[in-house]
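Student: Just passing along the structure, written as structure tokens.
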Amino acid sequence: MARGTVVQKIIEAHFVEGSREPGKPVAIRIDQTLTQDATGTMAYLELEAMGVPKVKTELSVSYVDHNMMQNGPENRNDHLYLQSVAAAKGVRFSPPGNGICHQVHLERFGMPGRTLIGSDSHTPTGGGIGMLAIGAGGLDVALAMAGKPFRIPYPKVIGVKLTGKLAPWCAAKDVILKLLSILTTKGNVGSIVEYFGPGVATLTVPQRATITNMGAELGVTTSVFPSDESTRIFLKAQKREQDFVPLAADADAEYDQVIEIALDEIEPLAACPSSPDNIKTIRELAGKKVGQVLIGSCTNSSYRDLAMVAMTLKGRKVSESVTLSIAPGSRQVLEMLARNGMLADIIAAGARILETGCGPCIGQGQSPADDTITVRTFNRNFAGRTGTKGDQAYLVSPETAVAIALSGEFTDPRTTGIEYPHVVEPEVFEINDNMIQLPGGSGEIVRKRTIGAPPVNQPLPDELDGVVVIKVGDKITTDHIMPAGIHLKHRSNIPVYAKVVFECFNEPGKPTFAERAAAVRDAGKAGVIVGRDSYGQGSSREHAAICPMFLGVKVVAALAIERIHSANLVNFGIVPLFFANPADYDAIEESDSLVFHKLREQLKPGETVRGELTKADGTKKEILFRHRLSAEDIRIILAGGMLNL
């Protein structure tokens, strides 16, 4: 077990109950929460359902950064609800236009040594400032706002020792891409990455935040940097030096695994279609034609990133074969670029300026043309996430992206002959918090017609007569389960949103997944989803559990299920099971019957679960499953979900 690490110190300072043995449940006190509008609406509806009058955290912030297109009334209806419920419940509100939740929270609210959970999988961005910042489902965030502890498996700690210093045109994004090439996106559940070593001091807080942000793609619980002089300088520039506390691992700290990365050996890299761990060097890709470049997202939209881009573009023109769009991460960043003239340089080069929000990172606009390579400084490139079927999305650093935008093809930025811009970090950032709305007012909650309510589940039956509604393969993301893009506006209306569950697997002329699942439910049976490895990776969206639950799904069986999604399944009364024998995955097909006798009795900590598989020809086979459910998890599932308790 890791000893004397930053992770261990923060957990100890917030320890409520549980075990200090890796893999065993531990409950920790939560200091701060954040929500965003795509997941936050349901989180606050759940908080209301609990009857909680005021939040009990040190700080909770509700951000609007996802659903800002407002095609129809649904998005603005959600915003009005979020604004009013925040005022009533004691939550600060960051309206549309103020910026991406992770960027703004890092700038204005993040504090070293504190715990933060957010209803967005990239909440680990806060690890760049020395927080234990964890993505979670909306219900877990609502529980934290209600004063309840947050439960995670006590983590293994992967120590990443950084040495040396990044060379010009090599970026923090390349560091996390390098780590993804080593650890990949799967097999890291239950671990936390902690960075240490002499190379840490060479990285600014925004650079560290880039690394911890995209660390979410590793499948780890979170990532964290120490809090040191660089942290103090950043907080001082944000006029928050009083929030600084030093925090570092002990000299004799022991890690469960150590990986060493020499920063001076890092070179420009890209995540190739269609997974963040499909890594190649830019040298290998050189010459490939590119049609679109997008710079922004919560990963790479800091002042430092966009100032570097502006200085590179100054006096130059974007290639005629490329469209370049840039989305500043916060109003603070946008205002600073506007005041110092850098925004004008970006515009003069031919770039389009997008709203300060998530935008194309979540499929909200800027979809590429067919058969066109799109290069993005984002954190995910899952197939179809751009909004274009068969897309070719590559993930790179802003340094590489701007070089590609100028040339129209993959270009190693070190070969352009352009002198690497020396970005001077501001001694004082432009501080303007006038858009952050404090709680108070009339207390009246605005609830328009499109605002629904959390659906009610039934307690787990003892005899579960299941039907396999769908069988899928490896690396099924929550984007596969619940598509974003144009469908995001329905997140506060579960009956409508549930119609597009697994939409990407629907076939023309055949019943959709939603229709098949509803038919099974209406016949009095339980839906079963069968997946393979790394099921439920990606976004924290709890709708990937809520909507299947609404359609009658009671069991998800797979070889491996990612942490946040597994927790969401439990919270909404769906049983996450793992094949004891991987070969049994091959034995199951869609429409097979899978019956669990005395399931409530079978669900005990550490014990296997037996299911009876019946094939279309009447052949029967016993299937053994394992589970990783704690006694508390089982109590929640038996009740039909956390809200039932």
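Student: Suppose each label sits 7 Å from its Cα in the direction of the beta carbon; what would the Thr619-Glu21 distance come out to in nanometres?
Tutor: Output for this residue pair reads 4.1 nm.
Student: For helix 172-183, report the angle its Cα long axis makes with the longest principal axis of the Cα atoms of the chain; keep it between 0 and 90° and round to the nearest 10°.
Tutor: Once rounded, the angle reads 40 degrees.
Student: Let me ask something additional. Could you list log10 I(q)/I(0) for region 397-485 at q = 0.12, 0.14, 0.20, 0.23 Å⁻¹, which the Debye formula gives when each Cα is one point scatterer?
Tutor: After summing over all Cα pairs, the log10 values are -0.96, -0.98, -1.15, -1.21.
Student: Kirkwood hydrodynamic radius, region 464-644, all distinct C-alpha pairs: what's the number in Å?
Tutor: Over region 464-644, the inverse of the mean reciprocal pair distance is 16.2 Å.
Student: Give me the compactness ratio for region 515-592, meaning the Cα radius of gyration over 2.2 N^0.38 Å.
Tutor: 1.07
Student: Taking the number of other C-beta atoms within 10 Å as the exposure measure, put Val258, Val55, Val555, Val469 in order starting with the fewest.
Tutor: Val258, Val55, Val555, Val469
Student: Turning to a different aspect of this structure: With +1 on the Cβ of every Lys and Arg and -1 on the Cβ of every Asp and Glu, and nothing else charged, how large is the dipole of region 6-265 about its Cα centre, in debye rounded to the nearest 20?
Tutor: My answer is approximately 440 debye.
Student: Between Ile353 and Ala251, what length in nm is gained on full extension when 0.36 nm per residue of separation is reduced by their alpha carbon distance?
Tutor: Between Ile353 and Ala251, full extension yields 32.1 nm more.
Student: Using the structure shown, select from Lys24/Lys620; Lys54/Lys448; Lys24/Lys280; Lys280/Lys499 the pairs with a Cα to Cα distance greater than 31 angstrom.
Tutor: Over 31 Å apart, Cα to Cα: Lys24/Lys620; Lys24/Lys280; Lys280/Lys499.
Student: Å³ per residue of the Cα convex hull, for region 178-290?
Tutor: 137 Å³
Student: Testing the spin-label approximation: label points 7 Å from Cα along Cα→Cβ at Ala519 and Glu229. State their distance in nm.
Tutor: Here the modelled spin labels are 6.9 nm apart.
Student: Over the Cα atoms of region 1-137, what radius of gyration and what Dmax do you get, in Å?
Tutor: Using the Cα atoms of region 1-137, the pair Rg, Dmax is 16.0, 53 Å.
Student: Round to the nearest 0.05 the FRET efficiency obtained for Asn644 and Ala587 when R0 = 25 Å and r is the Cβ-Cβ distance.
Tutor: 0.15
Student: Throw me the Rg/Rh for region 90-137, computed over C-alpha atoms with Kirkwood Rh, two decimals.
Tutor: 0.95
Student: Here is a follow-up. About the Cα centre of region 132-231, what is the dipole size in debye to 20, counting +1 per Lys and Arg Cβ and -1 per Asp and Glu Cβ, all else neutral?
Tutor: 200 debye
Student: So which of Lys148/Lys186; Lys178/Lys317; Lys288/Lys317; Lys186/Lys621; Lys288/Lys389 end up more than 23 Å apart by C-alpha?
Tutor: Beyond 23 Å between Cα atoms: Lys148/Lys186; Lys178/Lys317; Lys186/Lys621.
Student: Given a Förster radius of 51 Å and the C-beta distance between Ile431 and Arg626 as r, what FRET efficiency does 1/(1 + (r/R0)^6) yield to the nearest 0.05?
Tutor: Calculated value: 0.45.
Student: Here's something else I'd like to know. Listed here are the pairs Lys56/Lys89; Lys554/Lys598; Lys525/Lys598; Lys89/Lys489; which of them are more than 18 Å apart at the Cα?
Tutor: Pairs exceeding 18 Å: Lys89/Lys489.
Student: When only Cα pairs under 8 Å and 6 or more residues apart are kept, what is the percent relative contact order across the chain?
Tutor: Computed value for the chain: 14 percent relative contact order.
Student: What is the list of residues in region 372-390 whose amide nitrogen lies under 20 Å from a point 7 angstrom out from the Cα of Glu284, following Cα to Cβ?
Tutor: 373-383
Student: Please identify the trypsin sites (Lys or Arg not before Pro) of region 534-603 that satisfy two criteria: DSSP loop assignment and at most 16 other Cβ atoms within 10 Å. Which are they?
Tutor: Those that pass, being in a loop and sparsely packed, are Lys598.
Student: For Arg516, what is the net charge nearby, where nearby means another residue's Cβ is under 14 Å from its Cβ and Lys, Arg count +1, Asp, Glu -1?
Tutor: -2
Student: Another question about this same structure. Could you size up the charge dipole of region 221-331 around its Cα centre, putting +1 on the beta carbon of Lys and Arg and -1 on that of Asp and Glu, and report it in debye to the nearest 20?
Tutor: With Lys and Arg at +1 and Asp and Glu at -1, about 1200 debye.
Student: Could you check how many percent of all C-alpha pairs in region 6-265 are farther apart than 26 Å?
Tutor: Of all Cα-Cα pairs in region 6-265, 39 percent lie more than 26 Å apart.
Student: Could I ask something else about it? With all distinct Cα pairs included, what does the Kirkwood hydrodynamic radius of the chain come out to in Å, to one decimal, could you say?
Tutor: Every distinct Cα pair counted, the radius reaches 24.8 Å.
Student: Over every pair of different alpha-carbon atoms in region 353-503, take the mean of 1/r and invert it; report that Kirkwood radius in Å.
Tutor: Taking the inverse mean of 1/r over all distinct Cα pairs, region 353-503 comes out at 20.5 Å.
Student: Please state the equivalent ellipsoid semi-axes for region 272-415: what are the square roots of 5 times the Cα gyration tensor eigenvalues, largest first, in whole Å?
Tutor: So the equivalent ellipsoid measures 22, 17, 13 Å along its semi-axes.
Student: A follow-up question, please. Given the Cα-Cα distance of Ser181 and Arg635 and 0.36 nm per residue of separation, how much length would full extension add, in nm?
Tutor: This chain segment gains 159.6 nm when fully extended.
Student: Along the Cα→Cβ direction, 7 angstrom out, place labels at Glu260 and Arg610. What is the inter-label distance in nm?
Tutor: Each label point is offset 7 Å from its Cα along the Cβ direction, giving 5.3 nm.
Student: Right, here's the next one. What's the extension gain from Lys499 to Glu241 if we count 0.36 nm per residue and subtract their Cα-Cα distance?
Tutor: 88.0 nm
Each value in this text was obtained by applying a stated rule to the coordinates, not by laboratory testing. Computed from a predicted model, the values in this text were never measured in an experiment. In this analysis, Cβ positions are derived from the backbone assuming ideal geometry, glycine residues included, and neighbour counts consider all displayed protein chains.
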